[in-house]
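The values are calculated or read from the model by the stated rules, or taken from the named source; none is laboratory data. Because the structure is a prediction, the values reported are computed rather than measured. So basically every Cβ, Gly included, is an ideal-geometry build from the backbone, and we count neighbours across all protein chains shown. Ligands, DNA and RNA are stripped out before the accessible areas are found, and what is left, the full protein with its side chains, is counted by its heavy atoms. Shrake-Rupley method; radii C 1.70, N 1.55, O 1.52, S 1.80 Å.
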Amino acid sequence: MLEGIMIGLTTALNPMNLVFVVCGCLVGTFIGMLPGLGPMSAIALMIPIAASLDPSAGIILMAAVYYGAIFGGSTSSILINAPGVASTVATSFDGYPMAKQGKAGKALAIAAYSSFSGGVIGAILLLIAAPSLARVSLSFHSTDYFALMVLGLTAVAAFSGQGNVLKAMMMTVLGLMLSTVGTDQTQGIQRFTLGMIDLLDGISFLLLVMATFALSEALMAILRPKAMTDEERRKEQEAHSNLGSMKVSKEEVKELVPVVGRSSILGFLVGVLPGAGATIGSFLAYGTEQRLAGPTKGKLFGKGSIRGLSAPETANNAAATGSFVPLLTLGIPGSGTTAIMLGALIGYGIQPGPRLYIDQPDVFWSVIVSMWIGNIILLILNLPLIPYIAKILAIPARFLLPLILFFSLIGVYFVSFNTFDIQLMIIFAVAAVTLRLLDFPLAPMILGFILGGMMEENLRRALLINNDSWSFLWERGLTLTILTIAVLTLVVPMLMPLYQKWRKNADRAGEGG
């Protein structure tokens with residue numbers, strides 16, 4: 001290992017490779033900040049440049065762009081509630097409320113520190129445990145992945161306040177239904193397309209998330225002033241003009257340290273599993289921290305909780321690092337982004353797999369070492385920029401709202417160049433505004449939509465392997481364990497109010513006696 005680290009340091013600290021890390025981090029950060037673009041788009045743009053470089057430099061450049069885009073993706077989520085990629089959706093739940101409260105500077109600083117911590121801890125875990133974790137990830141079968149998706153969906157309880165679990169479950173089912181629209185990849189049959197050619201490829205994630213969050217937020221802001229008093233409008237303007245301090249107090253640091261530790265490990269382990277990725281990691285970390293926060297601090301989630309901001313931001317960066325384990329050690333891409341990187345490696349004539357760190361140690365170790373360097377560079381680059389980036393909120397609403405609408409619509413149009421997507425996006429945005437007015441949580445719908453396709457695919461595989469028998473749910477120990485945790489995750493929050501009521505009645509009866 002020490003020999004490998006020395007090889008990695010020698011390659012990564014090459015002056016030209018350092019330049020590529022800095023450039024990759026900058027490009028990735030700014031592309032990640034733009035709603036509608038994300039790591040996949042950023043890496044795709046880098047392929048022509050990387051193809052002209054030697055393998056180590058090319059992969060270092062693309063890796064820097066990847067975690068730079070994950071790092072920068074939180075900015076649009078926090079400032080304008082426009083998560084351009086799935087892995088930053090959970091960041092917006094508490095990041096955007098903090099920005100509305102005049103704490104944009106602190107929110108961006110916490111996101112930067114959390115991203116840095118998650119990336120660095122993930123890189124250390126990657127260095128220590130990559131070969132062993134590769135063997136562990138191979139032991140996961142389709143039945144276990146299905147159970148993992150079910151566990152992810154039970155996080156709906158984390159997005160619903162007391163008494164809203166039913167609404168959250170309804171929205172999750174709606175998300176699962178939307179994920180089935182399009183062509184069945186197994187049998188090639190059209191499903192729920194209403195005879196429209198434009199729906200053959202299904203509903204785009206980017207379209208749905210931009211309509212649900214960015215566009216609906218802009219529409220809500222247009223509707224809201226009519227119901228606001230002059231005093232409320234003045235307070236909101238003050239919050240937007242007061243960008244707040246970037247300083248994180250000692251008490252907040254003490255509160256965040258265990259959150260960062262837990263979320264880094266959870267995110268990394270989820271990232272190691274092929275097909276799971278940063279999105280599931282961020283949602284699971286968010287749900288886990290809300291459960292651990294207790295009844296008092298748990299109520300702050302969704303209203304500007306620093307724990308609720310730090311957990312998903314740490315987890316998605318750790319998961320992005322973890323996704324390199326199956327890519328480098330098994331040759332299995334864990335996401336669309338790492339699939340592009342796999343294509344680039346094969347283009348160089350390199351076959352990722354168990355022998356990569358033996359046959360091509362310079363590529364394997366230089367990528368890992370460059371992650372440490374890249375995360376330090378990201379922190380150094382981004383912290384000084386936060387006061388300037390946060391000034392986006394100081395832009396008057398009459399200018400900011402058209403910009404949000406413009407970036408939302410153009411971001412979706414540039415992906416497909418199809419006007420139908422714009423029309424569908426507006427329909428979803430109007431529906432989202434209606435649901436928000438009726439107090440339905442939108443996050444469970446997005447989670448259901450994201451996990452729906454993967455869940456269906458793994459369920460089909462599990463049934464095929466088990467001759468259409470559902471016995472796989474209890475015959476395999478790992479599957480049963482994950483499903484048991486999922487059931488407890490969903491049931492315990494629902495039973496807690498009954499337990500608290502019983503305790504109160506018991507205490508009163510004791511006092512009366």
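In segment 455-474, how many residues are open to solvent by 50 Å² or more (accessible area, probe 1.4 Å) and under 21 Å from Phe205 (Cα atoms)?
Restricting attention to segment 455-474, the residues satisfying the condition of being open to solvent by 50 Å² or more (accessible area, probe 1.4 Å) are 456-457, 460-461, 464-465, 467-468, 470, 474.
Filter again for under 21 Å from Phe205 (Cα atoms), leaving 456-457.
Number satisfying all stated conditions: 2.
Does Ile404 count as buried (at least 16 other Cβ atoms within 10 Å of the Cβ) and closer than 30 Å to Ser56 by Cα? Criteria not met by Ile404. For Thr193, the criteria (1) in a helix (DSSP H, G or I); (2) surrounded by 15 or more Cβ atoms within 10 Å (Cβ to Cβ) hold in every case but one, which is (1). Here Pro361 does not qualify as open to solvent by 30 Å² or more (accessible area, probe 1.4 Å) and modelled with pLDDT of 80 or more. Gly163 meets each of the listed conditions (1) among the small types (Gly, Ala, Ser); (2) at pLDDT 80 or above; (3) on the phi > 0 side of the Ramachandran plot apart from (2).
Of the helices (runs of 4 or more DSSP H) contained entirely in segment 16-127, those carrying at least 2 residues that are buried (at least 24 other Cβ atoms within 10 Å of the Cβ) and among the β-branched types (Val, Ile, Thr) fall at 55-80, 89-100. Considering Asn382, Asn375, the condition of being part of a helix (DSSP H, G or I), at pLDDT below 80 and of a type in the set (S, T, N, Q) is satisfied by Asn382 alone. Annotation note: Cβ proximity below 8 Å between a residue of segment 426-439 that is touching a residue at least 12 places away in the same chain (Cβ under 8 Å) and a residue that is outside any helix (DSSP H, G or I) (sequence gap 6+ or interchain) occurs for Ala432/Leu442; Leu435/Leu442; Arg436/Leu442; Asp439/Asn164.
Across segment 94-129, the number of residues qualifying as farther than 20 Å from Gly261 by Cα and among the hydroxyl-bearing types (Ser, Thr, Tyr) comes to 1.
Annotation for segment 259-274: at least one member residue is touching a Pro at 6+ places or on another chain (Cβ under 7 Å), at pLDDT below 90 and open to solvent by less than 60 Å² (accessible area, probe 1.4 Å).
The number of residues in segment 173-190 that are open to solvent by 90 Å² or more (accessible area, probe 1.4 Å) and over 14 Å from Gly452 (Cα atoms) comes to 3.
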